[in-house]
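Quick note: the coordinates plus some simple rules give every number you see, no bench work behind them. Only a predicted model underlies this, so the values are computations on that prediction, with no experimental measurement involved. Note that we place each Cβ from the backbone using ideal geometry, even for glycine, and neighbour counts take in every protein chain shown.
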Amino acid sequence: MEINLAQIIFQMINFGMVLAALTYLIYKPVLKLLEDRRKRVADAAEAAAAVMKEKENLEKVKEKTLSEASAKAKKMEDEIRKEAKADAKLLLEESKSEITAKEAKFSSELAKLKKEELKSMESEVKKAALTIAEKVLGSSIDAKKHQKLIDDQINEIIESL
Amino acid sequence: MLAKKYGVVLFALYIYNPRHMGNQSLHVSISAESIFNFFGLSITNSIFTSLIVSFLLISFAFFFRSKFKITDKPSKLQNFVEMIVEALYNFVYSITENTKKTLLFFPLIATFFLFIILNNYVGLLPGVGSILTKEESIEVADLAPQQAMASSSPVVEKEVVLPGDETVTHESATVEEVVAEEAGAEAGHAKFVPIFRAATADLNTTLALAIISVFLTQVFGVSHLGLSYFKKFIDFSNPINFFVGMLEIILEFAKVISFAFRLFGNIFAGEVLLAVMTYLIAIAVPAPFYALEIFVGFIQALVFSMLSLIFFNLATKSHHEESHELAKN
């Protein structure tokens, strides 16, 4: 095993040549490419992060808008419900009073009609009773008896009603 | 039936064993062998192999550069290279945790890793260590001083290898006879050596890499801390610090030895292991050892790169920074 200085120097030069060739032909261009790519990826990642942040902000705005709209809608709904309730109550009251008024009107009309009917019935009954009585008795009845019979009949009819 | 089957397998193993195929020798040489001279520089098989690896790496770099495109849809080749570069970059960054330092250290660490791992793996390729060439002959004129020295010592023990037999016998012979015989063997009769040898299985290569690593550690230290970097070596503030400084100086030299011998030892031992296993039983048995050597080759490249990186990083940190980090941890 001999150590040869010339061979050592020769191998150093040999290594130096390989180092120079690889550095200028491979390492530098490839490292530059990798660095550019890394920068582009970093820029893209940064842009993506910014877009994500923007998206998050928009999401927040959307949520805020939605919640505000929801609250507003709820408030409007409540107001409308309240108004509708009030209207319904009013309508109900109006209807009730109208019904009451109509009931009263109908009652008075009914009473009036009843009275009129009774009156007409009374005269009809009077006539009928007079006719019947005259046929039964075979003679005419004076006004006093006639009146008494009518009154008795009417009273009977009224009692039967 | 089973015995017959096993018999056939054993016979095949016997037949394929190089010892029974006429190849009597197992070639193991701890140092790289010279295969030719280039302007006076002896080119060894390991240098030759490392030159091929370097040529392939540089050619690949040129090819890659010609195909390289700045795109978000890279080709398979570009994707593969990007993956390796990114993995190594992240590895360096995980130690330095500093982009500036990472960019400074990365080319060196990545080249250490790629150069070492490729040279380690080249040693596992078929043909490396088995394709032989004639060893570069030694000039007879170079042996004259040896012959002059030999005249004063008349008798030595001589090793003789008998043909067809591995037994080594010792004979008495004069030094002149031994030197003349060696000269004859080296100058006249051709000796065959492997044409390829993994560069990392040569101590000169690992030493060169270790010296580069340790030298650059000092360079990075001085460039980051200025002359105060040397304070860790020369400190007269008190006797203990002075002694620690001496130890630090020794440590720098020990780093070179540790780096060089760790890599060389592991890769050379792996090659020897593979050679021995292949020599004993050529079929199937060496396969797990090849798998082991693939793992060892990767680990050794990683260990060398990681240790270099850690030393670079430590050299660029002041004592204050180190203690601050320790306290933080």
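Here are a few things to note about the model shown:
- Residues with amide H under 5 Å from that of B:Ile35, placed H, sequence gap 5 or more: B:Ile43, B:Thr44, B:Asn45, B:Glu136
- Spin-label proximity, A:Lys32 to region B:60-81 - amide N less than 16 Å from point 7 Å beyond Cα toward beta carbon: B:62, B:64-72
- Shape of region A:7-160, Cα gyration tensor, a/c cut at 1.5: prolate
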